[in-house]
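Quick notes on the structure that follows.
Please treat every number below as a calculation from the coordinates, not as lab data. Since we're looking at a predicted model, the values are computed, not measured. Cβ coordinates were reconstructed from backbone atoms using ideal geometry, including for glycine residues, and neighbour counts include every protein chain displayed.
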Amino acid sequence: MHLLQHRKHVTEKDNFSYLLFSLFFLLLSSAMVDQFFSSSLIGQSLVMAFTVISMSIGVWSLRSSRYAFNTALGLVAATALISVVVIGLDRADLAFIHLLIMLYFFIMTLRLAAQQALFSGQVTINSIVGSICIFLLLGLIWVMLYLLLIEFTTPSFVGLETGPWQQNFPDLIYFSFVTLTTLGFGDLLPVGPLARFLVYVEAIVGVFYMAIVVSSLVSAGMNNKQEKHH
């Protein structure tokens, strides 16, 4: 009984703290790998390992839905298996499966986070943290889309070196969030029609997300005040 109560408490009050930590861990670890192990086999292995670790931590934020939690555990196991196959058996041709699994994981997590953080009708610290997580998930979803595009169509971007997705992962994280915030530094450029499509759609989503999250939080805050007065 105590275990169930603790689980419920964590799920309702601070589940997004797990997700935020896992996403920040993924971003930071990818940057560190790029800084110290760029273009090496060790670096590629570390990127895959860190994605599995990040997903494992993020799973705990999905405990409010048993189906999502069990599905996420299966995705983590599948990702770990694919990582072993790709690195251990040198099957780089199967790397796209790793990207597809991560894409599905991020989309599933985004949907559940949006339901709880943006459409719950309440403003809490957890919902604000959840809004930050959604923004980070949007950027990472587009990273997966860019990487999958590169796997199947070339050239897609100017400024990226030809190599496995693990090598381009940190650069595309940088590019994705620069695009999502509409900064657009210009050191990486989309050259293919599909790449350009994904880029301008991401920029549009970034602008509209900021408007949606602000309006949702303000509306929920006003509702909370009205309920207190009544």
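Amide H to amide H, with H built 1.01 Å from N, residue 157 comes under 5 Å of 191, counting only residues 5 or more places away or on other chains. Modelled spin labels at residue 183 and residue 37, positioned 7 Å past Cα toward Cβ, are 2.6 nm from each other. Using only the Cα atoms of the chain, build the gyration tensor, take square roots of its eigenvalues as a ≥ b ≥ c, and label the shape rounded, prolate or oblate: rounded if a/c is under 1.5, else prolate if a/b is larger than b/c, else oblate. Since a/c reaches 1.5 but b/c is at least a/b, the shape of the chain is classed as oblate.
Which one, 38, 180, 76, projects farthest toward the positive side of the charge dipole computed for the chain from Cβ point charges (K/R +1, D/E -1)? It is 76, whose Cα lies furthest towards the positive end.
For segment 21-156, a simple Cβ point-charge model (Lys and Arg +1, Asp and Glu -1, everything else neutral) yields a dipole of about 440 debye relative to the Cα centre. Between helix 15-36 and the chain, what is the angle of the helix's C-alpha long axis to the longest principal axis, kept within 0 to 90° and rounded to the nearest 10? Its long axis makes an angle of about 20 degrees. Between the Cα long axis of helix 165-180 and the first principal axis of the chain there is an angle of about 50°, rounded to the nearest 10.
Ranking of 30, 83, 39 by neighbouring Cβ atoms within 10 Å, starting from the fewest: 39, 83, 30. Scoring 67-76, 138-147 by mean Cβ neighbours within 10 Å over their residues and listing the highest first yields 138-147, 67-76. For residue 218 and residue 161, the FRET efficiency from 1/(1 + (r/R0)^6), where r spans their Cβ atoms and R0 equals 41 Å, is about 0.40.
Relative to the dominant Cα principal axis of the chain, helix 193-229 is inclined by about 10°.
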